[in-house]
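Everything below concerns the one structure shown next.
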Amino acid sequence: MSERPAERFREVRLLHDRRVPMRDGISLSADVYLPLRAQGLPTIVQWTPYESTRERFVSWGVWFARHGYAAVVVDVRGRYESEGRFTAWEHDGRDAHDTLTWAAAEQWSNGRIGTWGRSYGGLVQWQLAHLGHPNLECIAPQVIHDDYFWDGYWTGGAFQLALTLGAAALWSSALSLITGSGARDLVLSDRILGHLPLVELDEVTIGRRVDYWRLWWEHQVNDEYWQSFRHRPEKVDVPIFQQGGWFDPYSGSHMRSFAAIGDRLPNRVLMGPWSHEEEVEAFTGDIDLSPALTVIRDHELVFYDRFLREESNGWDERPPAELYVLGADEWRGEREWPLARTSFTRFHLRRGGELSIDEPRSDEPADRYEYDPADPVPTIGGVNSVLTMTQGAETPVRPGPLDQRVLEGRDDVLTYTTAPLHDQLEVIGPVEMTLYAASSARDTDFLVRLCDVYPDGRSIVLTEGVIRARYRDSLEGESVELLEPGEVAEYRIRLYPVANVFGRGHRIRVDVTSSSFPRFSRNLNTGEDVATGTRMKVARQSVLHTARYPSHVLLPVVPA
């Protein structure tokens with residue numbers, strides 16, 4: 001966007017801790033930001049478990065009030081100044097519905113309400129959208145998963161350790177314990193992240209049990225519990241604006257929801273080269289991201305002005321999908337997902353670490369490595385959402401397009417690389433890996449990364465995916481079956497979507513390994529219960545690439 005929007009008001013007032021009645025008799029706490037001496041305003045509401053008076057939410061309220069809105073920040077049930085007992089996700093849709101009923105009746109609101117929210121604030125909007133509300137005019141859910149199990153806490157069946165532990169501890173205590181300067185000494189030390197069994201980590205971290213942490217461990221398949229929360233884009237009946245990042249683990253969720261909604265209602269998604277945090281201008285990697293700089297809030301304001309004020313401001317003329325393409329260093333406008341002109345192309349793993357469109361021969365030997373859960377591959381860059389959560393940790397987990405060479409030098413990481421490209425290759429869309437592998441273990445993990453290798457040798461990670469072997473025969477984690485040691489199995493690994501132009505002289509690389517710690521919990525390779533297991537075994541892994549077992553990555557190539 002070329003011009004910053006002008007403020008409508010300079011002076012703002014606060015209505016602090018307004019009580020919002022819920023249908024079961026408890027009340028939530030809402031802070032309301034208003035332009036001075038203004039009433040009957042279009043209204044934007046968000047919900048948070050992260051303290052409504054936190055500076056980022058105060059700034060948010062003041063900004064939208066200055067632009068002519070009643071801006072409302074609500075502490076979710078059981079958090080900070082709100083009454084009730086917090087249980088992750090269970091009450092949020094109904095509580096949001098009751099919040100809109102309250103807000104629409106207040107003198108400062110004109111009854112036209114939009115919603116906003118990132119992460120947990122995004123999922124509250126999806127839970128509300130399932131129910132609908134007569135005063136709901138538009139929603140803007142950002143950086144949030146769709147499937148709470150397969151795309152959230154058990155990604156590909158692998159437990160998202162740093163995220164899930166941080167969330168459970170944070171939602172049951174205070175933000176400063178997790179994100180503050182003392183976190184490395186109290187809750188996010190290497191000692192705690194390495195503790196076994198995993199089920200005890202709530203008590204080890206904050207000294208008491210957390211009910212929903214224990215409940216999650218009772219549901220280690222994608223069963224009715226998880227499906228009861230799953231987002232349902234088919235239920236959305238108001239305009240929607242999603243925003244996400246290619247290096248946030250919910251990028252696939254945004255693009256799937258965008259595709260599912262289609263053109264039956266105003267539907268827009270903005271995807272940039274960042275991760276989970278709102279401060280996109282501060283996000284960096286080992287490549288230049290400055291051409292992507294944009295102000296997310298300006299986009300949001302145009303959205304709300306269009307659907308809460310009914311202004312003709314050019315929103316309807318914008319492309320439904322605005323995607324930042326790495327390598328080309330530019331924003332692109334598209335109309336569908338996947339792109340209609342995509343040519344899905346197999347790149348095969350080959351003998352000698354080669355990656356090629358040519359199919360493998362029948363006599364190619366397997367590649368082997370040993371995975372030791374006592375010495376896991378560390379998480380360096382890539383796709384994750386815990387930068388803020390781990391900033392005070394003993395070992396922070398940084399997402400993004402970072403150089404992977406330090407990891408690729410390990411004995412437990414295999415690399416497969418193309419020859420230098422004669423012409424640039426544009427790859428935009430969903431990515432899937434079909435891996436044929438055998439393991440000496442009853443259960444293990446396989447993790448795949450796609451990298452852009454620059455002429456100077458930098459191996460910049462673009463996307464990644466993981467599968468826990470026990471879930472290999474399920475569609476989205478609904479069943480488990482342990483491995484027969486030594487038998488070849490097929491693994492379909494869903495990577496996060498990508499938007500990158502591999503330049504002339506660059507090479508495409510696929511890394512294969514079995515861990516990324518502490519983003520994911522270590523697979524102990526025993527096949528024992530993930531919650532209670534403590535015994536570790538070294539797994540001997542074999543990756544096959546033959547005519548019978550043609551391991552390959554399927555890339556969404558966009559023809560020139």
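The values are calculated or read from the model by the stated rules, or taken from the named source; none is laboratory data. None of these values were measured; they are calculated from a predicted model. Cβ atoms come from the backbone with ideal geometry, glycine included; neighbour counts cover every protein chain shown. Surface accessibility is based on the protein's heavy atoms, side chains included, excluding ligands, DNA and RNA. Shrake-Rupley method; radii C 1.70, N 1.55, O 1.52, S 1.80 Å.
Quick notes on this structure:
- Single match in Gly352, Gly429, Gly333 (criterion: assigned to a strand (DSSP E or B), small (Gly, Ala, Ser) and open to solvent by 10 Å² or more (accessible area, probe 1.4 Å)): Gly333
- So Arg341, is it in a strand (DSSP E or B) and not β-branched (Val, Ile, Thr): no
- Residue selected from the range 192-221 under the condition of a type in the set (A, V, I, L, M) and not in a helix (DSSP H, G or I), by the criterion surrounded by the most Cβ atoms within 10 Å (Cβ to Cβ): Val210
- Residues of the range 131-174 that are assigned to a strand (DSSP E or B) and hydroxyl-bearing (Ser, Thr, Tyr): Thr155 alone.
- Taking each residue of the range 426-441 that is under 20 Å from Thr546 (Cβ atoms) and looking for partners that are open to solvent by less than 10 Å² (accessible area, probe 1.4 Å) and assigned to a loop (DSSP other than H, G, I, E, B) with beta-carbon atoms closer than 7 Å, six or more apart or interchain, yields Thr434/Ser551; Leu435/Ser551; Tyr436/Ser551; Ser439/Leu483.
- Inspection of the range 14-23 identifies no residue that is touching a residue at least 12 places away in the same chain (Cβ under 8 Å) and closer than 26 Å to Thr294 by Cβ.
- Matching residues, the range 272-297, being of a type outside the set (Gly, Ala, Ser), more than 17 Å from the chain's Cα centre (by Cα) and not in a helix (DSSP H, G or I): Thr284, Asp286, Ile287, Asp288, Leu289, Leu293, Thr294, Val295
- As a summary of the residue check, Leu450 satisfies the conditions (1) surrounded by 20 or more Cβ atoms within 10 Å (Cβ to Cβ); (2) farther than 26 Å from Ala340 by Cβ except for the one numbered (2).
- Leading residue by the ranking (farthest from Gly382 (Cα to Cα)) among those in the range 247-271 that are in a loop (DSSP other than H, G, I, E, B) and open to solvent by 50 Å² or more (accessible area, probe 1.4 Å): Arg264
- Those residues of the range 524-560 which are open to solvent by less than 10 Å² (accessible area, probe 1.4 Å) and in a loop (DSSP other than H, G, I, E, B), in sequence order: Asn525, Ala531, Gly533, Ser551
- Considering Val461, Val488, the condition of being crowded, with 18+ Cβ neighbours inside 10 Å and either modelled with pLDDT of 95 or more or out of contact with any Cys (no Cβ under 7 Å at 6 or more places or on another chain) (or both) is satisfied by Val461 alone.
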